[in-house]
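What follows is one structure encoded as structure tokens, with my remarks underneath.
Laboratory data are not the source of any read-out in this text; all were calculated from the coordinates shown. As the structure is a prediction and not an experimental result, all values here were calculated from the model. No Cβ is skipped: glycine too gets one built from the backbone with ideal geometry, and neighbour counts run over all protein chains shown.
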Amino acid sequence: MKLDVKIITGPTCSGKTQAAIDYANRFGAEIISCDSVQVYRGMDIGSAKPSKNQLAQTKHYLIDVAEPSNRFDVSQYVEMAQEAIREIVGRGAKIVVAGGSGFYLKAWFSAVTDNLKIPDSIKEISESIEKDGGAEALSGALLKLDPLAGKFVDLKNPRRTKKALERCMASGKSVGELLAEFKKLPCPFGELNRDVEILDAENSTLLRRIEARAKSMIDEGLVDETRTLISNGILKNESARSAIGYRETIDWIMRGEKNTECLRQTIVANTFALAKKQRKYFRNSLR
């Protein structure tokens, strides 16, 4: 029998948190977060993490499960979410997934990672190539292993090129062969009955909400929270330090800025740009 899962998603500031809590209270469900920033302890204000009152209304999973100094990836997310499912089903409760992090959401529909392990020795080689020659050296090394890699990988994107190079080196296979194998992998959550609800709002409404949230975050202490996170090692974690809200605040602090209005405006602009990207992703990818 397929598992029934309610998925509530949408761009930032579309009301996902409260909608998930309302659904959980109405139907006896528990919430699995699908937010790549709320997994980190101490990243509360900038991630718009559910309040203590909201967390008390129903049980949440995948919130505050990692330190901001340590990278948390989709493989860890899948493993913890699978364990959460077992707990929820064991209690006879329903499941609601809430959040807007695209890669984590994609895992509820199809495979997003495999079991290929990249040895540290290979990572050291790729890092050395990148350090010595940048994106051009990475693409050259990849094309030497797989002359057709450019058909599948954006060779102007050093992060993706580096990842493809490492995977080719670790497996001894071409990018095309790896992709063909990957497409055959099953969804990590098995067969699901997915009831997907994508929340949204008019641009003007969304922008007003984003402006209000950015102001509230700064008023509530985003700058001090970010200073604490810097002290706790967030700069070592590229994923966490790049999160909207924190990225801008870290840069603002590093430049020695004092005008929080400039910070607010930058966060608003970047958050609104993210919301538009999220819309496109949900429309094209959540099938």
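Before moving on, here are some points about what is shown:
- Residues that are under 20 Å from Ala243 (Cβ atoms) and either touching a Pro at 6+ places or on another chain (Cβ under 7 Å) or surrounded by 18 or more Cβ atoms within 10 Å (Cβ to Cβ) (or both), drawn from segment 42-60: Gly42, Met43, Asp44, Ile45, Gly46, Ser47, Ala48, Lys49, Pro50, His60
- Residue list for segment 106-132, filter: surrounded by 15 or more Cβ atoms within 10 Å (Cβ to Cβ) and among the acidic types (Asp, Glu): Glu130
- Residue tally, condition under 16 Å from the mean Cα position of the chain (by Cα) and either surrounded by fewer than 15 Cβ atoms within 10 Å (Cβ to Cβ) or within 13 Å of Met43 (Cα to Cα) (or both), over segment 77-89: 1
- Of residues in segment 15-50 being of a type in the set (Ser, Thr, Tyr) and assigned to a helix (DSSP H, G or I), the one farthest from Leu206 (Cα to Cα): Tyr23
- Any hit, segment 169-181, residues being of a type in the set (Asp, Glu), out of contact with any Cys (no Cβ under 7 Å at 6 or more places or on another chain) and within 30 Å of Asp195 (Cα to Cα): yes
- Checked against (1) touching a strand residue (DSSP E or B) at 6+ places or on another chain (Cβ under 6 Å); (2) surrounded by 17 or more Cβ atoms within 10 Å (Cβ to Cβ), Ser101 passes all but condition (1).
- Single match in Leu138, Leu206, Leu178 (criterion: under 30 Å from Val268 (Cα atoms), crowded, with 18+ Cβ neighbours inside 10 Å and out of contact with any Gly (no Cβ under 9 Å at 6 or more places or on another chain)): Leu206
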